[in-house]
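Reading through the structure tokens given below for one structure.
The values are calculated or read from the model by the stated rules, or taken from the named source; none is laboratory data. Quick caveat, the model's predicted, so the values are computed rather than measured. In this analysis, Cβ positions are derived from the backbone assuming ideal geometry, glycine residues included, and neighbour counts consider all displayed protein chains. Accessible surface is based on the protein model in full, side chains and every heavy atom, while ligands, DNA and RNA are left aside. Shrake-Rupley method; radii C 1.70, N 1.55, O 1.52, S 1.80 Å.
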Amino acid sequence: MADDFGLHPAVDEAVVRLVAQGRVQAVSVMAAAPAWARDAAMLREAASGRADVGLHLDLTAFPVQPALRRPLPHWIAATALRAVDGRAIEREIQEQLWRFEQAWGGPPDHVDGHQHVHQLPVVRERLVAVLQQRYAGRLPWLRSTRQPRVPGAGLAAFKPWVIEQLGAAALARMARRQGFAQNGRLLGVYGFDGDAASYLQRLAGWLRLAQPRDLLMCHPALAQVPGDAIAKARMAEYQALSSPAVPALLQAAGVRLRRLATA
């Protein structure tokens, strides 16, 4: 799964190329980001029959309501205390879904969150309610951030553990009760450090861990995105994921890539 489509043309072009290569089977869209409306048609042509396309709910970078834009630590603390305006969050969810639909021409295959905000308290309740109302009979699948347990992983397991603790179990319970499908586990979490060679090594490890319905997220870009904190990591990821070495890694791990919406 490639995140952040719409953020910048360098991201969008990288994602489209990886979809065309068969390396990416799901794309998550920042529907209020600068390049989404312009690049939606390009993604539609590339992804038709090849990839799930869904909403990457965003409260930290490009929310529709400027007053909602806050860094992730704010949202973690405020939602844990339930000191947020649930109605404003619901309006934001509705507006981002509308912007997705207007440019895409249909409903999302899935919904997840930029920096995983979709699983936070208050946000997850409002999100599930909106999706139930808006897409009754054709519910999108929801991203789970449940992590694989890797004995001896040490500090490398800390960031994945933190992400899961922000709401994976609670969202999974809601999803089961309300009839939403989810991926099995989330792979691809790391510190956004290293070059393309080190990312390929990580990729090989994630593929060895993979089980049916697991999801591996990535954040590729063809060139540096101005002002982006993970700009170098994006370029390294694209270089690795587009590499001719990837088919051999998939074969060695016994992994076949598939769309979750059709799995």
Per residue of region 243-256, in order, report the coupling 6.51 cos²θ - 1.76 cosθ + 1.60 (Karplus, θ = phi - 60°) as ³J(HN,Hα) in whole Hz, putting x for Gly and Pro.
5, x, 6, 5, x, 5, 5, 4, 5, 5, 8, x, 9, 10
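What is region 83-222 by shape, rounded, prolate or oblate, if you read a ≥ b ≥ c off the alpha carbon gyration tensor as root eigenvalues and call it rounded for a/c under 1.5, prolate for a/b larger than b/c, and oblate otherwise?
Numbers: a/c = 1.93, a/b = 1.69, b/c = 1.14.
Prolate, since a/c reaches 1.5 and a/b exceeds b/c.
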C-alpha center-to-center spacing [region 166-187, region 73-138] in angstrom:
14 Å
Taking only Cα atoms and a 10 Å spring cutoff, compute GNM fluctuations for the chain and point out the largest among ALA196, ALA33, ALA83.
ALA83
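How large is the convex hull of the Cα atoms of region 113-179 per residue, expressed in Å³ as a whole number?
Details: hull volume 5.5 nm³, N = 67.
It comes to 83 Å³ per residue, whole-number rounded.
So, for region 86-232, what is the accessible surface per residue at a probe of 1.4 Å, expressed in square angstrom? Walk me through the intermediate numbers first.
Working: 6840 Å² over 147 residues.
With all protein chains present, region 86-232 gives 47 Å² per residue.
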Build a GNM of the chain with springs between Cα atoms under 10 Å: which of ARG17, ARG177, ARG146 gets the top mean-square fluctuation?
ARG177
Using a Gaussian network model of the chain whose springs link C-alpha atoms within less than 10 Å, name the residue from GLN119, GLN178, GLN239 with the highest mean-square fluctuation.
GLN178
Rounded to a whole number, the Stokes-Einstein D of region 74-133 in µm²/s (Kirkwood radius over Cα pairs; 20 °C; 1.002 mPa s) is 178 µm²/s
Computed on Cα atoms only, the convex hull of region 56-160 has an orientation-averaged projected area in nm² of 7.8 nm²
Under 4 °C and 1.567 mPa s, how fast does region 6-60 diffuse according to Stokes-Einstein, given a Kirkwood radius computed over C-alpha pairs? Answer in µm²/s, whole number.
117 µm²/s
Normalised contact order of the chain, rounded percent, pairs of Cα under 8 Å and 6 or more residues apart
20 percent
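Please give the charge dipole size of region 123-263, origin at the Cα centre, charges +1 on K and R Cβ atoms and -1 on D and E Cβ atoms. Round to the nearest 20 debye. Can you show the working numbers first?
Working: 20 positive and 7 negative charges, 152 e Å.
The dipole magnitude comes to about 720 debye.
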What is the sum of charges, Lys and Arg at +1 and Asp and Glu at -1, for the other residues whose Cβ falls under 11 Å from the Cβ of HIS56?
-3
Tell me, what are the semi-axes, in whole angstrom and largest first, of the equivalent ellipsoid of region 24-106 as set by the roots of 5 times the Cα gyration tensor eigenvalues?
27, 13, 11
Rounded if a/c under 1.5, otherwise prolate or oblate - region 170-263, Cα gyration tensor axes
oblate
